[in-house]
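Working notes, beginning with the structure itself.
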Amino acid sequence: MKLNWRRTSEAWPDSSWLPTCFTLFNEHKPHREGDGLWDTYVAGVHQIDAGPQAGMWTWSVTATFPGPRCPYASNGVQPTRKVAAEKATETYRKMVEFYRVHMPPRWQDHY
């Protein structure tokens with residue numbers, strides 16, 4: 001597993017992303033169709049800019065795997081970018097381990 005965080009606007013400069021959006025990539029993501037950024041994208045964090053949670057950071061793991069539903073929450077809200085990024089990273093790692101154990105045998109060698 002080779003994880004790295006990038007500012008989303010730097011990963012996809014031709015799109016309009018807020019400067020408070022960050023994306024987690026896994027260069028060794030299993031079951032990806034290619035090596036492009038969209039194929040290695042696994043999670044993201046961004047700062048909430050309005051409403052009662054303004055200033056908080058939301059995180060979401062968007063990676064999906066074949067097999068049973070993962071028992072871990074895949075998103076949440078944290079007080080800082082650092083904590084949100086740590087939670088997203090930790091959750092993704094736990095998901096990969098869960099699927100390593102619960103994956104049908106034909107897929108297990110990919111993890």
statement: Residue hits (region 7-18; under 22 Å from Glu90 (Cβ atoms) and modelled with pLDDT of 90 or more) are Arg7, Thr8
message: Restricting to region 9-22, name every residue that is more than 12 Å from Gln47 (Cβ to Cβ), in contact with a Phe, Trp or Tyr (Cβ under 9 Å, 6 or more places away or on another chain) and among the polar types (S, T, N, Q).
response: Ser9
Extreme residue, farthest from Trp5 (Cα to Cα), among residues of region 64-74 that are surrounded by fewer than 16 Cβ atoms within 10 Å (Cβ to Cβ), free of Cβ contacts under 8 Å to residues at least 24 places away in the same chain and not basic (Lys, Arg): Ala73
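Restricting attention to region 81-101, does a residue exist that is in contact with a Leu (Cβ under 9 Å, 6 or more places away or on another chain), touching a residue at least 60 places away in the same chain (Cβ under 8 Å) and hydrophobic (A, V, I, L, M, F, W, C)? Let's see the steps before the verdict.
As a first pass, look at region 81-101 and keep what is in contact with a Leu (Cβ under 9 Å, 6 or more places away or on another chain): 85, 88-89, 92-93.
This time we only want the ones that are touching a residue at least 60 places away in the same chain (Cβ under 8 Å), so: 85, 88-89, 92-93.
Still in the list and also hydrophobic (A, V, I, L, M, F, W, C): 85, 88.
Yes, region 81-101 contains at least one residue that is in contact with a Leu (Cβ under 9 Å, 6 or more places away or on another chain), touching a residue at least 60 places away in the same chain (Cβ under 8 Å) and hydrophobic (A, V, I, L, M, F, W, C).
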message: Contact list please: Cβ distance under 8 Å, first residue in region 40-63 and farther than 13 Å from Gln78 by Cβ, second residue exposed (fewer than 14 other Cβ atoms within 10 Å of the Cβ) and not hydrophobic (A, V, I, L, M, F, W, C), pairs at least six apart or on different chains.
response: Thr40/Glu27
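The values are calculated or read from the model by the stated rules, or taken from the named source; none is laboratory data. Since the model is a prediction, treat every value here as computed from it, not as a measurement. Neighbour counts are summed over all protein chains in view; Cβ atoms, including those assigned to glycine, are modelled from backbone coordinates with ideal geometry.
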